[in-house]
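A short worksheet on the structure shown next.
The values are calculated or read from the model by the stated rules, or taken from the named source; none is laboratory data. Please read these numbers as outputs of a predicted model, since none were measured by experiment. Cβ: placed from backbone, ideal geometry, glycine included. Neighbour counts: every protein chain shown.
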Amino acid sequence: MIQTLRGTKDIYGAEIYYWQHLEQVARQLLQQRSYREIRTPILEMTELFARGIGETTDIVNKEMYTFLTKGEESVTLRPEGTAGVVRAYIQHKLYGGVQRLWYMGAMFRYERPQKGRQRQFHQLGVELLGSSDPRADAEVIALAYTILQTLGLKDLVVSLNSVGDSTDRDQYRQALVDYFTPYRADLDPDSQQRLDRNPLRILDSKDPKTQAICQSAPNILDYLAQPSRQRFERVQCLLEDLGVQYKLDPRLVRGLDYYTHTAFEIQSQDLGAQSAVCGGGRYDRLVAELGGPDTPAVGWAMGLERLILLLESQQTITPPAPDFYIVSRGEKAEGYALLVWQRLCQAQVRVELDLTGAKFDKQLKRADQSGAKAAIILGDSEVENGTLQVKWLGEGRQETMTVEQLLNLTLS
Ligand code: ATP
Ligand code: MG
């Protein structure tokens, strides 16, 4: 039997209603805030991600689905959305003023699948390009927060940090190298490599021994120069004004040079090891890094599978039932049923047509199971009289009427 690949899954049945609910809530809030959707290709040149995510990251080093095309071009299934959005921003010169963009779609990372961690997964993300105002940082964080709150998700924690500008970070990097070098042999192998290539990322390590060593590592906040510090304080004030609750986490760092100032993550305790539902921050140097003009930007991405796990554990979303379930038997009645179905569809009511041609009691049983308010029963005499038998399924009452009478009842 051919089955889905490891780390990928079909989304169907009751789960799909959670996805639709999530998508609907997000779209509505994004539209309301004047974010515009952008859809970029899933397949991009490998170089985009190598440059846009960084050669020293796990994503680029270990997790990318990269292959050569028949024309010997190296291409990659996107592991995240920002690089593609920034490429599009530059390619179409969406410059001038502020661009508020959002995207939603499948991402691919070759990782060990676990609960909340897949190889094909989905992200919703926003990118606000063209503003370095601290209000932009507050705006996007508050937006993520509002989406999660509107979904009714509980027990979420916003962690906030600043990684300063590149001068702050150069000094901090040196301090980390000085601190970690004596412990080199005790670090996990990945972190030993990071010590040479990208020491900030050691703070990200999930290895318990490395984490213990990180406990007393220098604190980035001690390395922020005055302007960076003031900027960070301003972001915090704005978040407080907006009612966003957060906690400071100086270990929340993004190791790459184009990440600047604000970094944040939203976690849930209810997700076990895969606790992050949203990650983001400011990336003032990425657009230039990818060949565009100097453009400050800030954004985030949410992992939708993790949100769905939370939604499913915290609330019940029932699938929408049809208003009417049409049952019919006999050739004439079946043709008539299709016309009644069309008339009801045109009137925007929810309707389901039984196509089985089974005995009436069997069809009526399915009508009950469908959750419809009423079954519309059509046989030869209904065809002759141009009427419907309407059986109200809750009460069992049955009455005869025309389609228009039924619609008047329903729509009034
Ligand atoms: P993690 O530390 O869990 O690997 P990350 O730092 O790699 O996360 P980001 O690149 O910041 O994650 O992506 C943003 C969000 O996308 C994450 O917070 C998470 O919710 C989700 N995400 C990332 N990788 C996966 C995956 N393999 N499967 C499902 N969701 C994922
Ligand atoms: Mg990861």
Notebook entry, point to check: Among the residues of segment 100-139, how many are part of a strand (DSSP E or B) and either aromatic (F, W, Y) or touching a Cys at 6+ places or on another chain (Cβ under 7 Å) (or both)?
Noted result: 4
Next item on the list: Please state which one of L22, L30 is surrounded by 18 or more Cβ atoms within 10 Å (Cβ to Cβ), more than 14 Å from ligand 1 (Cβ to nearest atom) and under 18 Å from the mean Cα position of the chain (by Cα).
Entry: L30
Next item on the list: Could you figure out which of (1) modelled with pLDDT under 95; (2) over 30 Å from L344 (Cα atoms) isn't true of T316?
Entry: (2)
Next item on the list: Only strands (runs of 3 or more DSSP E) wholly contained in segment 295-367 count here; list those with 1 or more residues that are of a type in the set (S, T, Y) and farther than 30 Å from R87 by Cβ.
Entry: 324-328
Item checked: Test result for T316, without any contact (Cβ under 8 Å) to a residue 60 or more places away in the chain and farther than 30 Å from G116 by Cβ -> no
Note to self: Take the conditions touching a residue at least 60 places away in the same chain (Cβ under 8 Å), within 16 Å of ligand 2 (Cβ to nearest atom), under 24 Å from A288 (Cβ atoms) and within 23 Å of the chain's Cα centre (by Cα) and apply them to T57. Does it pass?
What the structure shows: yes
Next item on the list: Return the total of residues in segment 362-412 being of a type in the set (S, T, Y) and within 16 Å of L344 (Cα to Cα).
Entry: 4
Notebook entry, point to check: Would you pick out the residues in segment 140-173 that are crowded, with 22+ Cβ neighbours inside 10 Å and assigned to a strand (DSSP E or B)?
Noted result: L160, N161, S162
Note to self: Every residue in segment 70-97 that is outside any strand (DSSP E or B) and under 29 Å from R306 (Cβ atoms), please.
What the structure shows: R78, P79, E80, G81, T82, A83, G84, V85, V86, R87, A88, Y89
Margin query: Quick check on this structure: which one of G330, G272 is modelled with pLDDT under 95 and within 16 Å of ligand 2 (Cβ to nearest atom)?
Written below: G272
Check: If you check A217 against the conditions, is it farther than 29 Å from K154 by Cβ and not in a helix (DSSP H, G or I)?
Finding: yes
Margin query: I'd like the full set of residues that are farther than 18 Å from W300 by Cα and either surrounded by 19 or more Cβ atoms within 10 Å (Cβ to Cβ) or small (G, A, S) (or both), limited to segment 214-237.
Written below: C214, S216, A217, I220, Y223, L224, A225, S228, R231
Next item on the list: Sort through R169, R173, R194 and tell me the only one that's within 16 Å of ligand 1 (Cβ to nearest atom) and either at pLDDT 95 or above or of a type in the set (K, R) (or both).
Entry: R194
Margin query: Taking the criterion of being at negative phi, within 16 Å of ligand 2 (Cβ to nearest atom), of a type outside the set (D, E, K, R) and assigned to a helix (DSSP H, G or I), would at least one residue in segment 279-291 satisfy it?
Written below: no
Margin query: Just to be sure before I move on: is Y89 in contact with a strand residue (DSSP E or B) (Cβ under 8 Å, 6 or more places away or on another chain), within 14 Å of ligand 1 (Cβ to nearest atom), farther than 19 Å from L242 by Cα and not β-branched (V, I, T) in the structure I sent?
Written below: no
Next item on the list: Have a look at L304, L311 and point out the one that is out of contact with any strand residue (DSSP E or B) (no Cβ under 9 Å at 6 or more places or on another chain), in contact (Cβ under 8 Å) with a residue 24 or more places away in the chain, crowded, with 17+ Cβ neighbours inside 10 Å and closer than 30 Å to G281 by Cβ.
Entry: L311
Next item on the list: Within segment 99-152, track down each residue that is acidic (D, E), over 19 Å from Y65 (Cα atoms) and out of contact with any Leu (no Cβ under 6 Å at 6 or more places or on another chain).
Entry: D133, D137, E139
Notebook entry, point to check: Is at least one residue of segment 46-53 within 15 Å of ligand 2 (Cβ to nearest atom) and touching a residue at least 12 places away in the same chain (Cβ under 8 Å)?
Noted result: yes
